[in-house]
Every structure is written in structure tokens, then in C-alpha cells.
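Every number in this text was worked out from the coordinates using simple rules, so none of it is lab data. Computed from a predicted model, the values in this text were never measured in an experiment. Glycine also receives a Cβ, built like all others from the backbone with ideal geometry; neighbour counts cover every protein chain displayed.
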Amino acid sequence: MQGDIHDPFASVRAHTRNATDARNLLRRRAAGGHDGWVKPGVNIPFPGGRADPMWTVGGGRGPAVIPALRTWMPGTGAYRFGPGTRVLASDPRLSGTAELLAGELQAVTGVSIPWLGDHWAGPGDVVLGMDGGSGEGYRLDIGPVTEIRGTGAAGAFHGTRTLLQLLRQDWVIPAGRAEDRPAYPERGLMLDVGRKYLTMAFLRRQIRELGYLKLNHLHLHLSDDLGFRLESGTHPEITSAAHYSRAEIKELVGYAARYHVRVLPEIDFPAHMGAILAAHPELKLVSRRGRVRDGLIDLSNPAAYALMGDLLGEFLPLFPGEYWHIGADEYVRDFRAYPRLSGPRAFARFVDWAGGVVRAAGKTARMWNDGIRAPGVVSPEVVVEHWSAGGRTPWCGPACRPADLVAAGHRVQNAAFTPTYYVTGGVSAPFNVPPAVMYAGWRP
């Protein structure tokens, strides 16, 4: 869907699945101020007639943040942000988050905010701490001094997002204690930069947006029929004119880490390879009747594996995350039309091969689900992202259902076509789910 993203996240027309949707909902719940955002110090008419960043939910009152807090215990008094506010990091591992928060507060409020290491705290200060683990939960104690304590560095960061959302609404926050943690370990967004190149500035804005809403996962679909977006040294002939250099990818991954967002790269094999096979037409799959498939590679040709192996070997080290997405969607539905493949086993051999290459690099392979027609065909070590049932429409077809994949030992991500798939044009656009319906009704 389309939506505006505002400073300090910079203004841009964005096409996202859920992050901007959540921001728009927050905007509506805190109506007022410039362009739907509440300027610091502006009185906001909330339920009950008070001018504070609270809303009524389920018979109780709690801070108006997205996602909603798990628990909120009201206190007495208030926290008051002002020119004397400082951000203090009681743990040196949080210095980066402290520096980031101080800069964001200055961008939001116009007030210059210093950040310091472990230091005594006074009224108006924000203190960051952590318990030393790796969790994403946090406790937020709002009082004359506000303290955020994470179960890990990511948790402390998420606590700063809650505080930042509240201070965008008012510089005075009623006292209380919040305890919060995510319901799902992986929450995020996929951007198809293979079909449409998106600038580095746009990607950085999306990372900031993800972090702001406590999402932690950015999946980049880096190749498709319309483009190969990585600068290749082993096969420069396949690199699209609009692409990302190796230095840009390294910078983007590091930038995402500041916001506790992991980048999942995908080079789509053995289908959606039109941009690659335009430079290697001899590797295109040909049907029994002589139809040349421009986007499908011939898995019966050893040279196909040599080309794919070169690309995996080149780019696996570029991304430090624990996962690599091999694609594996929309290859062949009727293998009888392609006798040179010798049946569906050709696809299963590809997945096993690609999974082994990824595993040898110390990572775990991920794939789309629609090519898995029977449980046990693919190694259970592969994480499956379930988006389609693999038929002529995504709502039906012969692909394994999620329960069958789980029973076969796979970890499964819910990436259901309805309601998460969103396009800005083409034959699928009429099936975009209205954002308000998706936000209110989807329970993944």
C-alpha cells in the first residue's frame, strides 16, 4: 500500500505491506498536528478528555503505541521531557542505541539531547540497561526518570521505540510500568527489488520504519526476470544497470543492524531467472514442443549448476545473517512437458543441492513452498515460507499445506498470499487486501 513516512524517517511515498499500515493507524489514533502527526507539547483529545498519550482498549487504558503493549501498570506522577534531558547507557553494549535515540529525539523535538555512559540520573533523563541475554523483551518504567531495561540489546532498543512513539505525541507521559515482548520471533517485510530497483535511500527509510514498529526482518528479493541487482564479479554479464555494489550491501546490512533488523537475501533459482538467462540463453529450459522458457533454467544441464554455484559462492559471504533464500518458486507444474528433466525429482535434487551449498557456508536455506508437492521430498533443515498452494491461483493447488510441512519437520513462515501479498499494479493488484482489514483481522 501507499503511505507517507515522515521525519526523522524522511518523507517518501512508500509501497509496503504492513509497516506503513501500522503507522497510519497510529496517526489516526493520535489525530492532530502537522500532517496527522502530533507536534511535541500539543494537547491531544484522548478518550476521557485528558491530554495525554493514552487510549482506551478492552476496558482499560494504556499507552497508544504500535504494537500494543502486553501489560501496563499505571503509576503516579509523570515523566517530563525537556531541554535538560539526557540519554544514559548503563551498559556499554547499549552505547549505539543511546546515541541513536539521542539523535532521533533531537530530530523529533528540536532539542539537542546528549548521550552519556553510566552516570547518575536526574529528572527528565532516560536510562538504558539490559540483563545480558539476547531477548527482545523489555521493561519500561516511566517516572521522573524513565528507565528502559531489555532482556537483551534488541529488547532495550524496542523499549526506545515505545518511548519515541510516546514522545512524538506529548512531552509529558503519565507514570507507569510497561512490560512487553514480541509474540513472534520473526516479524518483517519483503521488498521485490528484482522487479523494481529501489534506491538505497528508500531501503534505509524502510529499515528505520521497521525498527520504529519493532519489526526485525527485511527480506530482499534481489533477482527476478526484470533484473539482477547485485554487482557480480564472477558473472558481470548478468548485472543489471540499476544494481547495488558490494560496498552498498555491506553498508545496508550494517545500517540495518543498528535498528536490530536482519537482512535476508534471496537470489531466485531455478525460475524467475530471465535477467540471468538473457546472458546465457543456452541454459534456458525447452519443452517437448520446443517452447523456450526465458525465465527457467534447465536443471538437466550441468552448466546450469556451475552458473548457480558461482553466484552462491560469490554472494553467500557478503551477507552475514544465518539464512539464505534460494527462491524455488513457480518452476514447473507439469513435468511431463519437459522430458529432459526426468520428472519432479529434478526439482528436489536442486533444492537438496542448493541447501547443501548454503549449509556448507554455515547458513540455513529458506525457500518458497509451492514446489513442494509431497512431505519428505525436501530436507527438513530447509525453512519453508508458505505463500501459495501452487496452482493456477495462489488459493488452491497441489502444494503441501503448512501442517504437513510442520509434521515433516520443517520450520514454516506464514507468508500467505492473502492478506500479505501487495503489488502496485498488474493482474494481482485487484486482490490486494485493504490495509485496515489486514491489520484488524489477520492472526498469523
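Things worth noting here:
- Dipole axis of the chain (+1 Lys, Arg; -1 Asp, Glu on Cβ), positive-most option in TYR259, GLY425, LEU318: GLY425
- Cα-based Rg / Dmax (Å) for the range 188-368: 16.6, 53
- Rg(Cα)/(2.2 N^0.38 Å) for the chain, N = residue count: 1.08
- Full extension of the chain between ARG289 and GLU248 gives 10.4 nm of extra length, using 0.36 nm per residue less the Cα-Cα distance.
- The magnitude of the dipole of the range 188-368, with charges of +1 and -1 set on the Cβ of Lys/Arg and Asp/Glu and taken from the Cα centre, is near 400 debye.
- Calculated mean residue ellipticity at 222 nm for the chain: -8000 deg cm²/dmol, from DSSP H runs with n ≥ 4 weighted as -39500 (n - 2.57), summed, divided by the residue count and rounded to 500.
- The relative contact order of the chain comes to 10 percent, based on Cα pairs under 8 Å that sit 6 or more residues apart.
- Ranked list, fewest to most other Cβ atoms within 10 Å of each Cβ, for ASP334, ASP170, ASP298, ASP310: ASP334, ASP310, ASP298, ASP170
- Ranking of TRP324, TRP442, TRP72 by count of other Cβ atoms within 10 Å, fewest first: TRP442, TRP72, TRP324
- Working from label points 7 Å from Cα in the Cα-to-Cβ sense, the GLU99 to HIS119 distance is 1.5 nm.
- Between GLU237 and ARG349, the modelled labels are 2.5 nm apart [label points 7 Å from Cα along Cα→Cβ].
- Taking the Cα centre of the chain as reference, the dipole from Cβ charges on Lys and Arg (+1) and Asp and Glu (-1) amounts to some 960 debye.
- For the range 53-210, the Stokes-Einstein estimate of translational diffusion at 20 °C and a viscosity of 1.002 mPa s comes to 131 µm²/s, using the Kirkwood hydrodynamic radius over alpha-carbon pairs.
- When the charge dipole of the chain is built from unit charges on Cβ atoms (+1 for Lys and Arg, -1 for Asp and Glu) and taken about the Cα centre, the candidate among HIS119, GLY150, PRO398 whose Cα reaches farthest toward its positive end is PRO398.
- Residues PHE202, PHE319, PHE157, PHE431, ranked from the fewest to the most other C-beta atoms within 10 Å, line up as PHE431, PHE202, PHE319, PHE157.
- Charge dipole of the range 188-368 about the Cα centre (unit charges at C-beta), most positive-ward option of ALA278, PRO302, HIS221: HIS221
- Two-site FRET efficiency, ALA78 against MET200, from Cβ-Cβ distance with R₀ of 35 Å, rounded to 0.05: 0.30
- For the chain, modelled as a GNM whose springs connect Cα atoms under 10 angstrom apart, the maximal fluctuation among ALA304, ALA68, ALA183 occurs at ALA183.
- Placed amide H near LEU230: partners under 5 Å, 5+ positions off or other chain: SER240, TYR244
- For a modelled paramagnetic label at ASP334, 7 Å from Cα along Cα-to-Cβ, the residues of the range 287-322 in reach, with backbone nitrogen under 18 Å, are 287-294, 296.
- Distance between the pseudo-spin-label points of ALA407 and ALA374 (7 Å out from Cα toward the beta carbon): 1.5 nm.
- Using a Förster distance of 25 Å, the FRET efficiency for ALA175-ALA107 (Cβ separation, nearest 0.05): 0.45
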